[in-house]
1. Could you check the stretch 102-122 and list, in sequence order, the residues that are without any contact (Cβ under 8 Å) to a residue 40 or more places away in the chain and touching a Pro at 6+ places or on another chain (Cβ under 6 Å)?
2. Considering only residues that are modelled with pLDDT of 90 or more and among the small types (Gly, Ala, Ser), which ones fall in the stretch 102-142?
3. Are any residues in the stretch 221-250 closer than 13 Å to Phe267 by Cα and of a type in the set (S, T, N, Q), and if so, which ones?
4. Just name the residue that is farthest from Leu94 (Cα to Cα) out of those in the stretch 293-343 that are among the hydroxyl-bearing types (Ser, Thr, Tyr) and under 26 Å from the mean Cα position of the chain (by Cα).
5. Select from the stretch 316-361 the residues that are polar (S, T, N, Q) and touching an Asp or Glu at 6+ places or on another chain (Cβ under 8 Å) and write down the one among them that is modelled with the highest pLDDT.
6. Out of all the residues in the stretch 143-152, which are surrounded by fewer than 18 Cβ atoms within 10 Å (Cβ to Cβ) and within 8 Å of the chain's Cα centre (by Cα)?
7. Would you mention how many residues in the stretch 153-200 are without any contact (Cβ under 8 Å) to a residue 24 or more places away in the chain and under 16 Å from the mean Cα position of the chain (by Cα)?
8. Give me a count of the residues in the stretch 104-119 that are surrounded by fewer than 22 Cβ atoms within 10 Å (Cβ to Cβ) and either small (Gly, Ala, Ser) or touching a strand residue (DSSP E or B) at 6+ places or on another chain (Cβ under 7 Å) (or both).
Amino acid sequence: MSGPVRTALADVNERAPHLPLPTGICDRAGKRRRRQRILGAIAAVTVVLGAGAAMSIVGPGAAVAPSQASAIDDMPARVVNAPKWTASIEDAPLPRALVAFTEHPGGDVTLVGPDDRYRRYKASGDGRPVLSPDGRFLMTGRGLLDVTTGVTRSLKGDAPLAFSPDSRLALLARYDSDIEVRGEIRAVDPVSGEFVWAIRLEPGPLPRDITVAVAPDGSLTAIQRHAELWLYDADGRLLWIRPFNGDLAGQKAFLLEWRSVASASLFFIDPSATENGVGGLCHDMTDFPRSSSGGPVEILGWEAGFPIVNLSRDVVSLQGVPTKLLEGPQHLAFIGFASERVRWSKREPGPPDAGPFVDRYRPILNVAGGALLIIVLLVAIRATRARGSRRWGTRARS
C-alpha cells in the first residue's frame, strides 16, 4: 500500500465516530446458535419419526400365520362374496384356505380360511386357480402362493393343472408351441419349488383342454386330452391310451383304493383291468345332479361309499337323496375347496372377517404414509433454509 493511501485511511479512522459495541451481543449470538442447533435436532428427529411411521404403514404386514398341520376344520354351510375392503393375503396370511373362488373370470381370488376369515389375492395369467387339497397352496397363472406366508413363488410353466392328493406335488403344463398342444406336464415340490419330474406331451391339435390326476401313492398319473386318457407310471412310461370323453373328476379322480379313475360325469375306469391292452369300465354312476354352472364335476371325498362333489358352485353329498353341504356365493366364476382335514358339518357361518384394520385399509394408509413423509421432508427443508437465511442475515449485519 502506498504512503498517501495509508495516510488517508489513518485520517478517516481518526475522524470517524466511535460506535460502541451493543451490550450482550455475544450472549445473544450464543443463544441464537443454541436455538439453531435445537431446531436442527428437532427437524432431524421429525424426519426420522416421520420416515419410521410411513415405513410402518407402507411396509409388509403380518408375519407367517401359525401352522395348523393337524387341525380338522369345519366347513361353513355357505360362503359369500368378500367385503369391499378385505385384507390382502400378502399382508394378513391364513393358517390355510378352505375355499378359494373368483367372482369374475381372471379376477381376484377370494380365500376363505378357518373362523370365516376372508382374504383377497390378485391373480393373473392363464388357467383356472387350483387350491391344494390341504389348503396351503394356491396355484394360478401368476405362480404358486403359500397361503401361510402370503409369498408367491414363480413357476416355470404356462397353466396350472392340479396337485397330488397329498399336496406334495404341484402339476402344471408347459407348452412349446402356440399352434398345437406340444410340451410337457411338470411336477414341482410346492414347498421348495424344485423340479421333480416331467411327462412329455405328444403333439396334438388345439384347444389345450387338459386335466390331470395323480394316484394317492404316486404310482400312476392320468392325463386326459382330446377324448383320450393317457396313463403313465411313476417313471413317466406310458402304460396305455384309451378313449375317454370328458374331464377327469378333479385332483382326487383316483378312487376306490386307487383301482379306478373317474371322469367328471362320474364314469369310472379301472386302470388295472385290461382288454386288448385297454382299461375297462368299472362302473357308471349317472344318477347325480348336474353342475349348476355347467362346469366340470370335482370329487372332494367320500361318504359311506358315495362321493361328495363340487358342482362348480355348491358342494353336494350324493349319498341317498342328494344333500347340499355348502352353498357358493351369489357372484361366481370359479370355486375350489380343500378336501383334506375338513369336516362337512354344515356349520352356520358368522360374519366375514375381512382382516385387521391396518391390513384392510393398507392401500389408503400407504398413500397417507407417503404423503406424511413428503410433508415432513418439506418442513425439514423449509426449516433448514430459514435457519440458513437467518445466519446469512446476521453475518451481513455484522
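The values are calculated or read from the model by the stated rules, or taken from the named source; none is laboratory data. Quick caveat: nothing in here was measured; it's all calculated off a predicted structure. Neighbour counts run over all protein chains shown; Cβ positions are idealised from the backbone, glycine included.
1. Within the stretch 102-122, just Val109 meets the criteria.
2. Answer for the stretch 102-142, where residues must be modelled with pLDDT of 90 or more and among the small types (Gly, Ala, Ser): Gly113, Ser132, Gly135.
3. Hit for the stretch 221-250 is Asn245, nothing else.
4. Ranking the candidates gives Ser293 first.
5. Once the filter is applied, the top-ranked residue is Ser317.
6. Val151
7. 2
8. Total meeting the criteria: 7.
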